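Contents: one structure, followed by commentary.
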Amino acid sequence: MAERKTKRVLLVLNYMGHGGIEAVVMNYYRFLDRELIQFDFAVCEDSPIPQKREIQALGGRIFLLPSLMHQRQYQHRIRELIRREGYEIVHCHMNTLSVFPLYGAWRAKVKVRICHNHTTAHKGEGMRTLAKHALRPFCRLFATDYFACGAYAARWMYGRKALKNGEVFLMRNAVDEERFRYQMIARLSIRKKLDLSDKFVVGHIGRFTYQKNHEFLIDIFREVYQKNPSAVLLLVGEGELEGKIRRKVKRLGLEEAVIFYGTCEDTSVLYQAMDVFCLPSFYEGLPVVAVEAQMNGLPLILSEHVTKEAVLLESCKRLSLREKASVWAGEVLHADKDEKRRQEAWKQMEKQGFSIEKAAGELLEYYAVRN
């Protein structure tokens, strides 16, 4: 009997750092049967790629592409890469920017060209939002297969009819419950390490960008801090607006109560340190941090612009951004902090299909059918 050959799938990302898309991709990569499917990564050459060693250890290869700003070079390089390596599946994780690698894959006559949407848009981003709307139809044109993190993101990118007709594969932002489930020993250890043992910790993980709405998060925390002086805001991430947020924190006299943690290779331990997670985003698809926080059993306060699909446990609430910061603060302060409920949360999440082991199996089956 002939030995079954491992199939290589090319994953195309733009900037590969510590973002949510990268977290989703790596979660699946770790749990795929790599004797059947192996991932290669094509990313822009200015990416730091903190996952490089792990990708290589798992058998993946990384290919660098020019900036999207240099379309002629980008298109030449991606077509050359696809033809040289003979990929039959190209899976693009760049939301509406996927149009560019999809076009290259189309010209290279790739059989399966997957557009994967992880997000939506918001009018507050001006030209960026206009660009998303302009590019969206072309993603559908050059893709053979439609993926999304949830129904909300699917409808935004592909339309209600495509979702209703079963044309969109919903690839859950599943996580490893062994890593993210609540562990009391880990909690005590990280809180001691960060000098948070006697603190009420409000957490947030996300890049400092317009989308994540850090300005309002600081307003919320100010209200929390005024009512509970033992409160601390733990901000994990980096981004172009970090300086602006630091200045606001200083102006409000909150420097001693706000921790700018920076990036983190493994955020699972930081969820253990938190008491509540707050995500007042202007827009999202189905954020992986919301899944991770609930897998850890954290009470979660979301904006109404985060899809209802993200509400997986009773401890998760959605609030309008039209509400005052004091209203949000009240929800943060009175969030459910039941120890037993937090310990059991992962079981409920597993039942709802957010266990990565099962989800990775479903993705493997999809690739097999389409290949």
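Of all residues in the range 213-239, which are assigned to a loop (DSSP other than H, G, I, E, B) and within 16 Å of Leu333 (Cβ to Cβ)?
Result: Asn228, Pro229, Ser230.
Within the range 161-212, restricting attention to residues that are in a helix (DSSP H, G or I) and small (Gly, Ala, Ser), which residue is farthest from Ala257 (Cα to Cα)?
Among those residues, the one meeting the criterion is Ala162.
Tally the residues that are closer than 17 Å to Arg341 by Cβ and of a type in the set (Ser, Thr, Tyr), restricting the search to the range 247-301.
1
Could you look through the range 8-47, keep only residues that are in a loop (DSSP other than H, G, I, E, B) and closer than 16 Å to Tyr367 by Cα, and pick out the one that is nearest to the chain's Cα centre (by Cα)?
My answer is Leu32.
Going through the range 75-93 one residue at a time, which ones are closer than 21 Å to Gln38 by Cβ and either open to solvent by less than 30 Å² (accessible area, probe 1.4 Å) or in contact (Cβ under 8 Å) with a residue 40 or more places away in the chain (or both)?
If the condition is that a residue be closer than 21 Å to Gln38 by Cβ and either open to solvent by less than 30 Å² (accessible area, probe 1.4 Å) or in contact (Cβ under 8 Å) with a residue 40 or more places away in the chain (or both), then Ile78, Leu81, Ile82, Glu85, Tyr87, Glu88, Ile89, Val90, His91, Cys92, His93 are the ones that fit.
All but one of (1) within 24 Å of His122 (Cβ to Cβ); (2) surrounded by fewer than 20 Cβ atoms within 10 Å (Cβ to Cβ); (3) not β-branched (Val, Ile, Thr) hold for Phe260; which doesn't?
All conditions are met except number (1).
Could you run through the range 362-371 and say how many residues are in a helix (DSSP H, G or I) and surrounded by 13 or more Cβ atoms within 10 Å (Cβ to Cβ)?
Summing the residues that are in a helix (DSSP H, G or I) and surrounded by 13 or more Cβ atoms within 10 Å (Cβ to Cβ) in the range 362-371 gives 6.
In the range 1-54, what residues are under 19 Å from Ile82 (Cα atoms) and out of contact with any Asp or Glu (no Cβ under 9 Å at 6 or more places or on another chain)?
Once the filter is applied, which keeps residues that are under 19 Å from Ile82 (Cα atoms) and out of contact with any Asp or Glu (no Cβ under 9 Å at 6 or more places or on another chain), the range 1-54 yields Lys5, Val12, Asn14, Ile37, Gln38, Phe39, Phe41, Ala42, Val43, Cys44, Glu45.
Go through Arg61, Arg136, Arg72, Arg140 for me and flag whichever is within 21 Å of the chain's Cα centre (by Cα), open to solvent by 20 Å² or more (accessible area, probe 1.4 Å) and not β-branched (Val, Ile, Thr).
Arg136
Mind counting the residues in the range 198-253 that are of a type in the set (Lys, Arg), more than 17 Å from Val289 (Cβ to Cβ) and open to solvent by less than 40 Å² (accessible area, probe 1.4 Å)?
Total meeting the criteria: 1.
If we scan the range 111-133, do we find a residue that is surrounded by fewer than 21 Cβ atoms within 10 Å (Cβ to Cβ), in contact with a strand residue (DSSP E or B) (Cβ under 6 Å, 6 or more places away or on another chain) and of a type outside the set (Lys, Arg)?
Within the range 111-133, one or more residues are surrounded by fewer than 21 Cβ atoms within 10 Å (Cβ to Cβ), in contact with a strand residue (DSSP E or B) (Cβ under 6 Å, 6 or more places away or on another chain) and of a type outside the set (Lys, Arg).
For the range 114-158, which positions are at pLDDT 95 or above and farther than 19 Å from His305 by Cβ?
Selection gives Ile114, Cys115, His116, Phe142, Ala143, Thr144, Asp145, Tyr146, Phe147, Tyr158.
Pick out the one residue from Lys5, Lys52 that is open to solvent by 40 Å² or more (accessible area, probe 1.4 Å) and more than 19 Å from the chain's Cα centre (by Cα).
Values: Lys52 fails: more than 19 Å from the chain's Cα centre (by Cα).
The match here is Lys5.
Check Arg155, Arg181, Arg172, Arg187 and return the single one that is surrounded by fewer than 22 Cβ atoms within 10 Å (Cβ to Cβ), closer than 30 Å to Val269 by Cα and either of a type in the set (D, E, K, R) or in contact with a helix residue (DSSP H, G or I) (Cβ under 8 Å, 6 or more places away or on another chain) (or both).
Exactly one residue qualifies, and that residue is Arg187.
Residues being at pLDDT 95 or above and in a helix (DSSP H, G or I): count how many of those fall in the range 64-95.
Here the count works out to 15.
Six or more apart or on different chains, Cβ atoms under 6 Å: show the pairs whose first residue is in the range 229-240 and without any contact (Cβ under 8 Å) to a residue 60 or more places away in the chain and of a type in the set (Gly, Ala, Ser) and whose second is assigned to a loop (DSSP other than H, G, I, E, B) and open to solvent by less than 10 Å² (accessible area, probe 1.4 Å).
Gly239/Phe208
Considering each residue of the range 267-296, count those that are in a loop (DSSP other than H, G, I, E, B) and either aliphatic (A, V, I, L, M) or free of Cβ contacts under 8 Å to residues at least 40 places away in the same chain (or both), and give that number.
2
Looking at (1) of a type in the set (Phe, Trp, Tyr); (2) surrounded by fewer than 19 Cβ atoms within 10 Å (Cβ to Cβ); (3) within 30 Å of Arg222 (Cβ to Cβ), can you tell me which one Trp106 breaks?
(3)
Mind listing just one residue for me: the one in the range 297-355 that is among the small types (Gly, Ala, Ser) and outside any loop (DSSP other than H, G, I, E, B) and, of those, surrounded by the fewest Cβ atoms within 10 Å (Cβ to Cβ)?
Filtering first and then ranking leaves Ser326.
The values are calculated or read from the model by the stated rules, or taken from the named source; none is laboratory data. Owing to the predicted nature of the structure, the values given are computational and were not obtained by experimental measurement. Note that we place each Cβ from the backbone using ideal geometry, even for glycine, and neighbour counts take in every protein chain shown. Each accessible area value is taken on the protein alone, full model and side chains, heavy atoms only, with ligands, DNA and RNA left out. Shrake-Rupley method; radii C 1.70, N 1.55, O 1.52, S 1.80 Å.
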